[in-house]
Structure formats: structure tokens, C-alpha cells
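Q: Input: one structure, supplied below.
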Amino acid sequence: MKVIATYLLAVLGGHTNPTAEDLKAILSSVGAEADDSKIELLLSQVKGRDLAELIAAGREKLASVPSGGGLVVASGGAAAAAVAEKEEEKKVEEKEESDEEDFVLDIFG
């Protein structure tokens, strides 16, 4: 992911066709290590392609990825039970706090 982010920074910074050395320079400027194989793979896949075209293609792929709500569905009753238990604990704590407040008021009342 950091190689992709570095490529995007280079392009947005004015390098229309950044080289491996450009990406390594950016990474080293922030103290990150450069993985030559990942850099070469990325550069081979984006060579000659427009950044807007790459982003549009990525959006299309992401649109088909399911998202949200999977955790509760996947874990079923266990997740619902955990949520219910937390809510019950919260109610008990609120009741204890209100009992303490009543007690303090009764002493000085």
C-alpha cells in the first residue's frame, strides 16, 4: 500500500512517469524502506496508463466488494448477546449512580 501511495504522491507532485528511483527517494525521505520487487511490479502494471484511468478502474473493482454489517451477521447470536450484555451493564451502572445521588441528597435534605 505504501508503494501505491508513494506512486500517487509522485504523480501528484508533477512526475507523470515516476521511476523506481523517484519512488525510492520519496520513501527514504520519510524513513521508510523500499521493496524493489513491489516497486517494479507496480511500475510494470501502471506503465503508460493515465492516473485518472487507474482510479476509475479501481473504483469499479471496489464497487463489487461487499462491505458493512458482516460481523454481526457472521457471528450471529454471540454478537447480539454481547451487545445486550453491555447494555444491561450500562443500565445497572446508571441505576447505581442514581441510588448514590439519592442517598447523598437524603443526608443533606
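One line per residue, one yes/no per condition, for (1) exposed (fewer than 13 other Cβ atoms within 10 Å of the Cβ); (2) modelled with pLDDT under 90:
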site	(1), (2)
19	yes, no
23	no, no
35	no, no
48	yes, yes
57	yes, yes
70	yes, yes
75	yes, yes
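Q: Further, regarding this structure: Pairs please, first residue from the range 28-41 and of a type in the set (Gly, Ala, Ser), second anywhere and surrounded by 10 or more Cβ atoms within 10 Å (Cβ to Cβ) and not in a loop (DSSP other than H, G, I, E, B), Cβ atoms under 6 Å, 6+ apart in sequence or on different chains.
A: 34/24; 34/27
The values are calculated or read from the model by the stated rules, or taken from the named source; none is laboratory data. Keep in mind that this is a model prediction, so the values were computed, not measured. When we count neighbours, we look across all protein chains shown, and the Cβ atoms used for this are built from the backbone with ideal geometry, even at glycine.
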